[in-house]
1. With no solvent and one equal point scatterer per Cα, compute the Debye intensity ratio I(q)/I(0) for segment 82-144 at 0.16, 0.27, 0.30 Å⁻¹ and report its log10, rounded to two decimals.
2. Rolling a 1.4 angstrom probe over the protein heavy atoms, how many square angstrom per residue are accessible across the chain?
3. Residues of segment 57-74 with the amide nitrogen closer than 19 Å to a label point 7 Å from the Cα of Leu38, along Cα-to-Cβ, please.
4. Within the accessible area of the chain, what % is carbon and sulfur when the probe is 1.4 Å and the other protein chains stay in place?
5. How much length, in nm to one decimal, is gained on full extension between Asn150 and Gln118, taken as 0.36 nm per residue of separation minus their Cα-Cα distance?
6. If the reach is capped at under 16 angstrom between alpha carbons, list the aspartates and glutamates near Lys164, excluding any in the same chain fewer than eight residues apart.
7. Do me a favour and compute the ellipsoid semi-axes for the chain from its Cα gyration tensor, root of five times each eigenvalue, largest one first, whole Å.
8. Please identify the cysteines of the chain that lack any partner cysteine with a Cβ under 4.7 Å from their own Cβ.
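The values are calculated or read from the model by the stated rules, or taken from the named source; none is laboratory data. What you see is a predicted model, and the numbers here were worked out from it, not measured in a lab. Using ideal geometry, Cβ is built from the backbone for each residue, glycine included, and neighbour counts are taken over all protein chains shown. For accessibility, only protein heavy atoms count, side chains too; no ligands or nucleic acids. Shrake-Rupley method; radii C 1.70, N 1.55, O 1.52, S 1.80 Å.
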Amino acid sequence: IEDAIRMNVAAITLQVFVGGEFETRSIHNMTKLVDLGLKYGIPTMAVTAVGRNMVRDAQYFRLACRICAELGAQMVKTYFVEDGFETVTASCPVPIVMAGGKKIPEMDALTMAYNAVQQGAAGVDMGRNIFQSDAPEAMIQAVSKVVHENLKPKDAYDLLQTLKAEAAQKPAKGKKK
């Protein structure tokens, strides 16, 4: 917690393995982290972890997200599911942030972000779908438009392509054209 305070973090987070081998330990750790966060005014975000053998469906995520919220997490990061994500967000009393998951094609990532927000997610947390893009700056701008301005995925993808083309036209930093 001292590191979090020193770095002036916006939130502290950890994974919770509901239904997994270390469920009890991870939930106990989360409640300790929530208590520390409350003591110092730092919100806690629980991340619903999914092991290799665990089911990735709306029923599981509804349960996992609800448990995390009811045990004190002020927000929950979870994975998007095609069937029933809106029931996951509707059943959780705190904001849900969609996890970006594995690297997928840009159009698919933009569509997933759009669908998640339309179905109740407060935002998205995309890592590899941005930093592994061939144009990370353009991708984050496109994702931002989807999340904050409800830009449709096709329009966001067109924006991404335009920004990529513009970036290709600019000379590299430190080099003259």
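1. Rounded to two decimals, the profile gives -0.49, -1.13, -1.31.
2. 59 Å²
3. 65-74
4. Taking all protein chains in place, the chain shows 52 percent carbon and sulfur surface.
5. Full extension of this stretch gives 10.7 nm more.
6. Correct list for Lys164: Glu106, Asp134, Glu137, Asp155.
7. 32, 20, 14
8. Cys68
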